[in-house]
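These notes are about the structure you will find just below.
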Amino acid sequence: MALQDISKIKTSINQMENPEKTWEASDNSLQNNGKEKLAVLREEVVELNSMIKGREKLGVEIFKEAEKIKLDIGNFLENKDVDDEDAVRERNGLRQKQVDICELQLKERVSCWQDTAKIKQELRERERELADREGRVEMLEGLMGDE
């Protein structure tokens with residue numbers, strides 16, 4: 001890189017049109033970039049809200065399905081006569097299945113709560129970021145509009 005004497009440059013700072021302005025006023029690239037990021041954040045917020053609803057819906061469906069299975073096992077146990085030792089073992093096995101299903105329901109409730117809590121935390125972060133960026137865009141638009 002060659003060294004150059006800048007003292008020979010004839011244009012002074014006072015002769016420049018607007019030395020503080022680094023881009024053309026007609027150049028909307030900064031504004032468009034900010035709006036694109038806002039659009040992406042808005043989409044993420046909508047997607048996270050739908051994920052929360054979907055996870056809660058899935059949790060309810062799993063719980064209902066488990067209740068149906070427990071009810072079917074209970075009805076079968078009430079209608080089955082206990083005559084021999086094999087029938088007693090079968091009934092005990094079915095009762096154990098009912099207990100297992102209850103445990104599954106409890107685990108699903110906890111898992112659903114944990115999943116929605118994580119998604120809600122991410123949602124709050126995205127909403128906060130969106131609000132910050134919207135404020136910055138409004139401020140920039142106000143500054144650019146004042147020129």
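Quick note: the coordinates plus some simple rules give every number you see, no bench work behind them. Source: prediction; values computed, not measured. Note that each Cβ is placed from the backbone with ideal geometry, even for glycine, and that neighbours are counted across all protein chains shown.
Run through every distinct alpha carbon pair of region 34-146 and return the Kirkwood hydrodynamic radius in angstroms, one decimal place.
Details: mean 1/r = 0.0552 Å⁻¹.
That comes to 18.1 Å for region 34-146.
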Residues in region 34-73, backbone N under 14 Å from the label point at LEU94 (7 Å along the Cα-to-beta-carbon vector): list them, ranges by number please.
-> 69-73
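With Cβ to Cβ distances under 9 Å as the rule, what net charge do the other residues near LYS80 carry (K, R +1; D, E -1)?
Value of the local net charge: -2.
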Measure up LYS97/LYS120; LYS64/LYS118; LYS37/LYS120; LYS35/LYS120; LYS35/LYS57; LYS64/LYS120 against 26 Å on the Cα-Cα distance and list the ones that go over.
-> LYS97/LYS120; LYS35/LYS57
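In what sequence, highest mean first, do 48-57, 73-82 appear when ranked by Cβ atoms within 10 angstrom?
48-57, 73-82
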Which distance in nm do the two modelled labels at GLU65 and ASP83 give, with both placed 7 Å along the Cα-to-Cβ direction?
-> 3.6 nm
